[in-house]
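Working notes, beginning with the structure itself.
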Amino acid sequence: MNDVCHRLMLAEAVDEGIITRPAAGALAGKRDSVRRLQRYWSLTTLIFEMNLAVLSLEESRVRRAQAVRTSYGLLTTDSRLGAAAEENLIPNLVTLDSDFDTLRDWPFTNRQTFDSAMAVRAGRMRASRFL
């Protein structure tokens, strides 16, 4: 959730013309501007209201993710997602990441990969109701 909140804040700052690129370094030190940003938090709280499980990052999951990386060749974040799904017996994975499409013997019974354009359209439709 922290990363989502962070990215939404940077996107809002770009949209508002406060920064020209979505980089924390570009926004750092602009405290008055950061105080005025609000849309990112409204969008973040919508996620909490969805029927989603938000899982904390525990040491055991980081360690399990290493086994997922060595088994499937996934990068760090992807392997943490896989470890979390395995630990919590989550059989369905929905992702924008096509790296999951090429995995053989992946333990999930159902994977759905969305293309970026579809996700952006869906995100704009949902977010536009609240902006």
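Here, each number is a calculation from the coordinates, and none is a lab measurement. None of these values were measured; they are calculated from a predicted model. Cβ sites come from the backbone with ideal geometry, for glycine too, and all protein chains shown count toward neighbours.
I need the peptides 53-66, 12-25 ranked by packing, meaning the mean over residues of other C-beta atoms within 10 angstrom, with the highest value on top.
In decreasing order of mean packing, 53-66, 12-25 become 12-25, 53-66.
Provide, in order from the shortest bin, the percent of all Cα-Cα pairs of segment 2-49 in each 10 Å bin, continuing until the bin that contains the maximum pair distance.
29, 57, 13, 0
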